[in-house]
1. When the stretch 232-243 is examined, which residues are found to be surrounded by fewer than 15 Cβ atoms within 10 Å (Cβ to Cβ) and either of a type in the set (A, V, I, L, M) or in contact with a Pro (Cβ under 7 Å, 6 or more places away or on another chain) (or both)?
2. List every residue pair whose Cβ atoms lie under 6 Å apart, where the two residues are 6 or more positions apart in sequence or sit on different chains, the first residue falls within the stretch 37-54 and is closer than 15 Å to Val117 by Cα, and the second residue, located anywhere, is assigned to a loop (DSSP other than H, G, I, E, B).
3. List the pairs whose first member sits in the stretch 5-18 and is under 15 Å from Arg59 (Cα atoms), whose second member is among the charged types (D, E, K, R) and outside any strand (DSSP E or B), and whose Cβ atoms are under 8 Å apart, counting only residues at least 6 apart or on separate chains?
4. Scan the stretch 158-184 for residues that are basic (Lys, Arg) and closer than 24 Å to Gly232 by Cα and report the count.
5. Give me the residue from the stretch 179-203 that is modelled with pLDDT under 95 and out of contact with any Gly (no Cβ under 8 Å at 6 or more places or on another chain) and, out of that set, surrounded by the most Cβ atoms within 10 Å (Cβ to Cβ).
6. Please find, among Gly151, Gly139, Gly165, the residue that is in contact (Cβ under 8 Å) with a residue 40 or more places away in the chain and part of a helix (DSSP H, G or I).
7. Only one of (1) more than 20 Å from Leu39 (Cα to Cα); (2) aromatic (Phe, Trp, Tyr); (3) crowded, with 22+ Cβ neighbours inside 10 Å; (4) modelled with pLDDT under 95 fails for Phe210. Which number is that?
8. Here is a list: Glu123, Glu118, Glu99. Which entry is among the charged types (D, E, K, R) and at pLDDT below 95?
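The values are calculated or read from the model by the stated rules, or taken from the named source; none is laboratory data. Model, not experiment: these values are computed from the prediction. Ideal geometry is used to build each Cβ from the backbone, glycine not excepted, and the neighbour counts take in all protein chains shown.
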Amino acid sequence: MQFTSERRLDDGVLEREFTLGEIPGILWTPASAFPPAPLILLGHPPLGLHRMYSRLAGRARQAVADGFAAATIELPGSGDRPRWAAAEQARADLRRVMEAGEPVKDEIIDALILPLVEKSVPEWQTALDALLSLPGIGGPVGYSGGVISIGIRLAVVEPRIVAAGLFAGSFVPRVMFEEARRVSIPLHVLLQWDDEGNDRQAALDLFDAFGSEEKTLHANMGGHTGVPRFAGDDAARFFARHLK
């Protein structure tokens with residue numbers, strides 16, 4: 001891991017950009033490194049860190065205010081990373097059918113999501129190795145955000161992640177429902193009831209499939225960008241309960 005920039009934000013949060021091989025990322029940490037802070041990995045859609053920065057930074061600063069470190073990485077094929085032809089084609093196919101008002105078929109969802117999960121989850125694990133080796137960062141670890149299929153896979157294969165706050169709102173391949181049954185860590189799932197880009201019934205079916213003994217669904221009225229402010233407070237209490 002190589003840090004490429006460092007700045008102190010107005011609330012005392014230390015923000016550092018880094019690269020891990022070809023993978024860019026951002027780390028936010030409290031002003032003091034003692035005691036070591038639990039870590040929250042911030043998931044996001046493959047739209048690029050620059051485009052997502054304001055939302056990610058807002059979530060990260062809240063996490064640091066609650067006593068955590070927070071980090072994110074650029075997903076394969078997005079942002080400044082090399083273009084990925086198969087992903088570009090899958091996104092184009094998705095836009096085409098949605099603009100035409102046609103149903104999104106399983107083969108489009110699989111082509112869009114499954115390769116992203118296969119490529120990104122090992123990168124998240126590599127980043128986690130590097131982050132936990134830094135002074136001022138310790139376990140346990142939580143995952144917060146989307147793509148929800150990435151969160152599912154990480155919850156199954158990464159034992160250092162002990163709790164996850166997942167955003168229902170991305171297309172989910174049917175095979176991921178089987179993986180969801182193997183998830184056992186505590187879950188906090190946020191669902192926008194009128195999310196225009198989400199199949200509500202599929203989101204409810206996925207929540208039902210999760211194998212966790214502790215799982216909570218927080219459903220709020222409104223579209224994708226209408227998440228109420230208090231939803232963040234609920235998530236903060238969830239992570240405080242399981243990471244501290």
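1. Ala240
2. Gly43/Gly146; Pro45/Gly146; Pro46/Leu75; Pro46/Ser78
3. The qualifying pairs are Leu9/Arg61; Asp11/Arg61; Val13/Arg61.
4. Residues flagged as basic (Lys, Arg) and closer than 24 Å to Gly232 by Cα within the stretch 158-184 amount to 1.
5. Asp199
6. Numbers: Gly139 fails: part of a helix (DSSP H, G or I); Gly165 fails: part of a helix (DSSP H, G or I).
Selected residue: Gly151, the only one of Gly151, Gly139, Gly165 that is in contact (Cβ under 8 Å) with a residue 40 or more places away in the chain and part of a helix (DSSP H, G or I).
7. The single condition Phe210 does not satisfy is (4).
8. Working: Glu123 fails: at pLDDT below 95; Glu118 fails: at pLDDT below 95.
Result: Glu99 is the single residue among Glu123, Glu118, Glu99 that is among the charged types (D, E, K, R) and at pLDDT below 95.
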